[in-house]
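What follows is one structure encoded as C-alpha cells, with my remarks underneath.
The values are calculated or read from the model by the stated rules, or taken from the named source; none is laboratory data. Bear in mind the structure is a predicted one, so any value in this text is a computation, not a measurement. Neighbour counts run over all protein chains shown; Cβ positions are idealised from the backbone, glycine included. Note: accessible area is taken over every heavy atom of the protein model, side chains too, but ligands, DNA and RNA are not part of it. Shrake-Rupley method; radii C 1.70, N 1.55, O 1.52, S 1.80 Å.
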Amino acid sequence: CLPQNGVTLIEQLNAGLHTGEHKEYTFNLSSPAHFRAVLTWYDYPGERLINDLDLCLITASGHRIWGNHTAGEDGAPDRANTVEEIDLPQLEAGQHTVRIIGANVPSGPQGFALVISQPLTATQTNTVMETTTHPTNEPQISTAAPLALPVEWIKGIGSTYEKRLHNA
C-alpha cells in the first residue's frame, strides 16, 4: 500500500534504456521519512527475463540499496523479476538518487514505469530531477515532468486491478 502523502509517477515508455545506460531521479528530504520506490516494465517475450533493469537507491550518505531486498539490507541487483521495490521505513534527510540501470537489454530500448513515494512538506519541492547517462559517458540532462498524485489505495495485479485516486 502506498502512503497517502503523495507519489511521483515517472513513465519512460518510449524513451527507455539500452544496455549500459541509466536514468537518475534526484530528490531532497527535509527530515527522515518513510520511502518507497517501485520499478516495473513489460519484458520482451521469452521463457525467462530477457531485458533486465535494476533499481538502486543512492542515499545522501552514499549508501547503495538495491531493489527487492529486505528493508535495511543492501542486497545485490535482482536478475529475475520485472517488478523491483525498495521500501525503507526511515530514510535519512538529504539529497537522494533513485537510479534505473539498463543492466542487460538485448531487445531495447526497454521502457519502464517508476513510482516514488515520499512525504511532501512545505519546505520540500515536488521536483524530481532526471539525468540520463549513455554508455559513451556523454550525459544528457533534462528535467522530468513527473505526475504527483495523492493515492488512497491501489489493489490488484495486471488487468484485474482497482484504483481510487484523490484530486487526480
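A few points about this structure:
- Members of segment 21-33 found to be farther than 15 Å from Arg99 by Cα, touching a Ser or Thr at 6+ places or on another chain (Cβ under 8 Å) and part of a strand (DSSP E or B), listed by number: none
- Scan of segment 9-29 for residues that are at pLDDT 65 or above, open to solvent by less than 40 Å² (accessible area, probe 1.4 Å) and polar (S, T, N, Q), ordered by number: Thr26
- Spans of strands (runs of 3 or more DSSP E) in segment 44-147 with at least 1 residues at pLDDT 90 or above: 52-58, 64-66, 83-91, 94-104, 110-117
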